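Just passing along the structure, written as structure tokens.
The values are calculated or read from the model by the stated rules, or taken from the named source; none is laboratory data. Keep in mind the model is a prediction, meaning the values are calculated, not measured. Cβ: placed from backbone, ideal geometry, glycine included. Neighbour counts: every protein chain shown.
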Amino acid sequence: MINKIPYIFRNKPGFPKRKIRERNANSKPTIISVGGGKGGIGKTFITANICARLTQEGFKVAAIDLDLGAANLHTCFGIQAPQKNISDFFQGHTDELEKTGVETLIEGLTLFGGGHTFWQHISPQGGQKIKLINCLQNLDYDYIVIDLGAGTHVHTLDFFIFSDLGLMIMTPEPTSIENAYVFLKSILYRKLQNISRITKLSPEAERNILNKITKYQKQSSPINEIEAFLKNELFFEETLNLIHSTNVGIIMNQVRTKEDKALGKTMATISHQYFGFSSKLVGSMNYDDSVWKSIRIRKPLVVDNPYASSSSQIYKIVDQIIEMTENKSYEEQLAKSS
């Protein structure tokens, strides 16, 4: 049973009225993962606001905090850390994921907290991750938005790959740009590891194909090297289709100049041309004092200050997300489930 908390935000002056949408009981939820190669880039803030805006658009939303060991998504929603969380699910303290969910102060939004037990202490096996993925796919929500930990931990990469849409957050700073590139390269590396096991490549062949990512020629790109290496293999088209089906949305945060914003488009181009992903610049957010103010008072910006310029940018980002994900066919959902 989900713990209930009064919806104290509903009567806030100027708060956008929540839309009502008809829900298809037979459809699976759309799963979005939010990650990035570096900490401190606004990943959790953006996750919270995407969730809040989706509920304003009339969707039933679950926010999943998978930043295990440093979970703080609950803080952005203005509530205490849930007593039961996903760490308990991994450790076998509860068999039902639904029991770890708590209603937030926003109507239509449920939080599944991550807890403060690190991934290293839990060490989930493949079967446990598959169990969590199956449970997520069977939750009764329109959208499930996962706040991943920063960096390229193998569990972070797996959940980013598994999602219908992966959002990579970055800022214009050189360190963030460099880490974003490494994050994309790590996604391709991990995806090829999984594909190699599915296609039962020999260990030597797997090493050779993974070397195409880490040791590609400067005048070439990882995806071109992989295409050349696999062109005579039976699973050539299947492998490329699996790579191309990786949907990556880029969000450029803390933008101050036109050049900063242009970096987001450049990274989307690199993601597609160098790594073969289906990539798009979903949107950008300007550096704005209203952002840190909303974090301090522990409310999503689109709730606390719905007419702020940064709120308008979040609305545009969410419009793009809906456009990219709402037209999933049944066949696509079935393929993702498999």
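Might you let me know whether region 159-177 holds any residue that is crowded, with 17+ Cβ neighbours inside 10 Å, of a type in the set (Gly, Ala, Ser), part of a strand (DSSP E or B) and in contact with a helix residue (DSSP H, G or I) (Cβ under 7 Å, 6 or more places away or on another chain)?
Within region 159-177, one or more residues are crowded, with 17+ Cβ neighbours inside 10 Å, of a type in the set (Gly, Ala, Ser), part of a strand (DSSP E or B) and in contact with a helix residue (DSSP H, G or I) (Cβ under 7 Å, 6 or more places away or on another chain).
Follow-up. When region 214-232 is examined, which residues are found to be surrounded by fewer than 19 Cβ atoms within 10 Å (Cβ to Cβ) and in contact (Cβ under 8 Å) with a residue 12 or more places away in the chain? Quick ask: steps written out before the conclusion?
Within region 214-232, the first condition is being surrounded by fewer than 19 Cβ atoms within 10 Å (Cβ to Cβ), and the residues that meet it are 214-221, 224-225, 227-229, 231-232.
Passing the criteria: Thr214, Ser221, Glu225, Glu227, Phe229.
Would you mind stating whether Leu188 is in contact (Cβ under 8 Å) with a residue 40 or more places away in the chain, in contact with a Gly (Cβ under 9 Å, 6 or more places away or on another chain) and part of a helix (DSSP H, G or I)?
yes
Give Ala262, Ala228 a once-over and let me know the one that is assigned to a helix (DSSP H, G or I), over 16 Å from Arg53 (Cα atoms) and modelled with pLDDT under 90.
Among Ala262, Ala228, only Ala228 is assigned to a helix (DSSP H, G or I), over 16 Å from Arg53 (Cα atoms) and modelled with pLDDT under 90.
Filter region 276-294 down to residues that are outside any strand (DSSP E or B) and either crowded, with 18+ Cβ neighbours inside 10 Å or among the aromatic types (Phe, Trp, Tyr) (or both), then give me how many there are. Give the steps one after another, and end with the answer.
Taking region 276-294 as the starting set, the residues that turn out to be outside any strand (DSSP E or B) are 276-277, 287-294.
Narrowing further to those that are either crowded, with 18+ Cβ neighbours inside 10 Å or among the aromatic types (Phe, Trp, Tyr) (or both): 276-277, 287-288, 291-292, 294.
Final tally of qualifying residues: 7.
Kindly establish whether Glu204 is over 23 Å from the mean Cα position of the chain (by Cα), of a type in the set (D, E, K, R) and part of a helix (DSSP H, G or I). Step through it out loud before you land on a result.
Working: over 23 Å from the mean Cα position of the chain (by Cα): yes; of a type in the set (D, E, K, R): yes; part of a helix (DSSP H, G or I): yes.
Yes, satisfied.
Look at Ile177 and say whether it is out of contact with any Asp or Glu (no Cβ under 7 Å at 6 or more places or on another chain) and closer than 28 Å to Phe236 by Cα. Outline the logic, then answer.
Details: out of contact with any Asp or Glu (no Cβ under 7 Å at 6 or more places or on another chain): yes; closer than 28 Å to Phe236 by Cα: no.
Spelling it out, it is not the case that Ile177 is out of contact with any Asp or Glu (no Cβ under 7 Å at 6 or more places or on another chain) and closer than 28 Å to Phe236 by Cα.
Taking Ser27 as the residue in question, decide whether it is among the hydroxyl-bearing types (Ser, Thr, Tyr), at pLDDT 80 or above and not in a loop (DSSP other than H, G, I, E, B).
Criteria not met by Ser27.
Assess whether Asp140 counts as being exposed (fewer than 15 other Cβ atoms within 10 Å of the Cβ) and modelled with pLDDT of 85 or more.
yes
Further, regarding this structure: Can you tell me how many residues within region 231-259 are assigned to a loop (DSSP other than H, G, I, E, B) and among the basic types (Lys, Arg)? Don't jump to the end; show me each part of the working.
Initial filter on region 231-259 (assigned to a loop (DSSP other than H, G, I, E, B)): 231-235, 245-246, 256-257.
Now drop any that are not among the basic types (Lys, Arg), which leaves 231, 256.
Residues that pass the stated criteria total 2.
OK, next. Taking region 45-66, which residues are polar (S, T, N, Q), in contact with a strand residue (DSSP E or B) (Cβ under 6 Å, 6 or more places away or on another chain) and more than 23 Å from Thr152 (Cα to Cα)? Break it down into steps so the answer makes sense when it comes.
Start the filter on region 45-66 by keeping residues that are polar (S, T, N, Q), which leaves 47, 49, 55-56.
From what's left, in contact with a strand residue (DSSP E or B) (Cβ under 6 Å, 6 or more places away or on another chain): 47, 55.
The answer is Thr55, and nothing else.
Just wondering, is there one or more residues in region 284-300 that are of a type outside the set (D, E, K, R) and over 20 Å from Thr44 (Cα atoms)?
No, every residue in region 284-300 fails to be of a type outside the set (D, E, K, R) and over 20 Å from Thr44 (Cα atoms).
For region 143-153, does any single residue satisfy the condition of being acidic (Asp, Glu) and assigned to a loop (DSSP other than H, G, I, E, B)?
Taking every residue of region 143-153 in turn, none turns out to be acidic (Asp, Glu) and assigned to a loop (DSSP other than H, G, I, E, B).
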